[in-house]
Amino acid sequence: MLESVKIARRQSEIRQNLAELAGKETPSEDEIRQMDTLDREYRSNETRYRAALIAEDTERRDAGSELETRTAQEWADLMAGFELRQVALSLDEGRQLDGHTAEIVSELRAAGGFRGIPVPWQALEVRAGETVASGTPNPIRTRPIIDRLFPDSVAARMGAQMISIDAGAVEWPVTTSAVTAGWADGETANVAGPTTYATTDRAMSPDHNMGIQMRITRKTLKQSGAALEQAVRRDMSGAMGAAMDQAAFLGTGANGQPLGVITGAATYGIASTAVAALATWGAFRSAVTRFMASNAAGSPDAVRALIRPELWDYLDGALITGTAVSEWDRLVKNLPSGNIAMTNNALAAPSGTPAATSALLTTAAGGVAPIFIGAWGAVDMIRDPYSDAQSGGLRITALATMDVTVARPAQLELLTGLELG
């Protein structure tokens, strides 16, 4: 215990004793001497307390960052010890879970709602030593869940926020009104009347279940060893990341799918502008201007763009007459390349004559993400003991419940009819 804390506790005891003695109308000589002794000790402790604070100041500053991040660091260390290989072997052989894996599974089971072995979303993160398209991420760095889950996720690059939900339907009230101030027109005039402060609830419900099946042969179980850990994580993370990206933007809202941002633009109230002309930086510039005019973005570099590779190909080849500058050069000059996500999964392929494509622009206003992706509980790992029983293989079904919604429609804009020739 710090010395300053010990002194502070002793000072509290002295004040309590002095209060009892001072309340007596006719204290005895012993009580008077006791009050005098306590008073001298109290004044001496005040000096010692100030000295202790000065001596401990450097130690407090050095330990400050560790104390602030200790909880998150302990959770990250615990999650780093989760082994998917143990889950696979438990489902196949009935092997007992141990270590961090058993501890985490036990806590998730306490929440209920799992038929198989629950696997936390963070366990699907790419661990150190595995190379992905964007390089090797550091698993110790604290990042949003969606980044740890799918490092190359298009939804993550477009500013979407993944929210973990324990159970039930969840909604977020988002301010949608424009409260304004007004000046009094004269010395005795009134200021502007009250303006309604309105919010709109953005709800997500556990109506959409996504699942993948993994088939692991007996040879793999006996031969792979620890390498099975990375293989299961890569395959599961890649498959679920691709499905989530497609559903977040192109989900039909039918056949069990959530309603995607692009497909449900009209339902969500997202502005859709039909360009119906050759794709140029000018079309994007107009959309960015509308963002800034509506106070959704403060500058062009706050806007993110989702485009098809075919659009990049066309813009990079469309040179300004008499120059070596392309429309793509003009685009990345104003929108940082890190804010531009290219995908052939989250946007429909170009179609029509001439071929035309779409693009989605988003921005985060007031720290509110433009898109919410809700994930209920953990990934439920269930074994199918019959399908591959004859070959001795292991078939696993991973089930996840997810939903998508839009925070404020003003933070998104859809550009359609961007012609590619």
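Residue order for Y386, Y314, Y42, fewest other beta carbons within 10 angstrom first, comes to Y386, Y42, Y314.
The residues packed around V332, meaning those with a beta-carbon under 14 Å from its beta-carbon, carry a net charge of 0 if Lys and Arg are +1 and Asp and Glu are -1. Using the Karplus relation 6.51 cos²θ - 1.76 cosθ + 1.60 with θ = phi - 60°, the per-residue 3J(HN,Hα) values for segment 395-406 come to 10, 10, 10, 10, 10, 9, 10, 9, 8, 10, 8, 10 Hz, with x marking Gly and Pro. Sorted fewest first by neighbouring Cβ atoms within 10 angstrom, R85, R234 come out as R234, R85. If the segment from A349 to A184 were pulled out straight at 0.36 nm per residue, it would be longer than the present Cα-Cα gap by 53.8 nm.
Amide H contacts under 5 Å for S326: I320, restricted to partners 5 or more places along the chain or on a different chain, H placed in the peptide plane at 1.01 Å from N. In order along segment 266-281, phi translates into HN-Hα couplings of 5, 5, 6, x, 7, 5, 10, 10, 8, 6, 6, 7, 4, 5, 9, 5 Hz, rounded to whole numbers, per the Karplus curve 6.51 cos²θ - 1.76 cosθ + 1.60 with θ = phi - 60° and x for Gly and Pro. Ordering 93-102, 401-410 by mean Cβ neighbour count within 10 Å, with the highest value first, yields 401-410, 93-102. Taken one residue at a time, the phi angles of segment 40-55 give Karplus couplings (6.51, -1.76, 1.60, θ = phi - 60°) of 5, 5, 5, 5, 5, 5, 4, 5, 4, 5, 5, 5, 5, 4, 5, 5 Hz. Gly and Pro are set to x. Let's test the formula: R0 of 51 Å, r as the Cβ-Cβ distance of E56 and K24. What FRET efficiency results, to the nearest 0.05? Once rounded, the FRET efficiency stands at 0.85. Identify the residues of segment 23-52 with backbone N under 11 Å of a label point that sits 7 angstrom from the Cα of E3 along the Cα-to-Cβ direction, or state none. Hits in segment 23-52 for E3 at 11 Å: 48-52. Compute the signed sum of charges (Lys and Arg +1, Asp and Glu -1) over the other residues within less than 15 Å, Cβ to Cβ, of S299. Computed value for this residue: +3. Over segment 307-374, the pair-distance histogram of Cα-Cα distances with 5 Å bins from zero comes to 3, 13, 19, 22, 19, 12, 7, 3, 1, 0, 0 percent, rounded to whole numbers. A straight chain from D77 to D313 at 0.36 nm per residue would run longer than the Cα-Cα distance by 80.6 nm. Once backbone amide H atoms are built at 1.01 Å from N, L278 has E419 as its partners under 5 Å, excluding neighbours fewer than 5 places away on the same chain. Ranked for footprinting exposure by Cβ neighbours inside 10 Å, fewest first, E3, E327 give E3, E327. Students often get this wrong: which residues of segment 394-415 have the backbone nitrogen under 20 Å from the point 7 angstrom along Cα-to-C-beta of A239? Taking a point 7 Å out along Cα→Cβ of A239, the residues of segment 394-415 whose backbone N falls under 20 Å are 394-403.
Bear in mind these aren't lab numbers, they're just calculated from the coordinates by the rules spelled out. Worth saying up front: this structure is predicted, and the values here are computed from it rather than measured. All Cβ positions, even for glycine, are placed from backbone atoms using ideal geometry, and neighbour counts span all protein chains on display.
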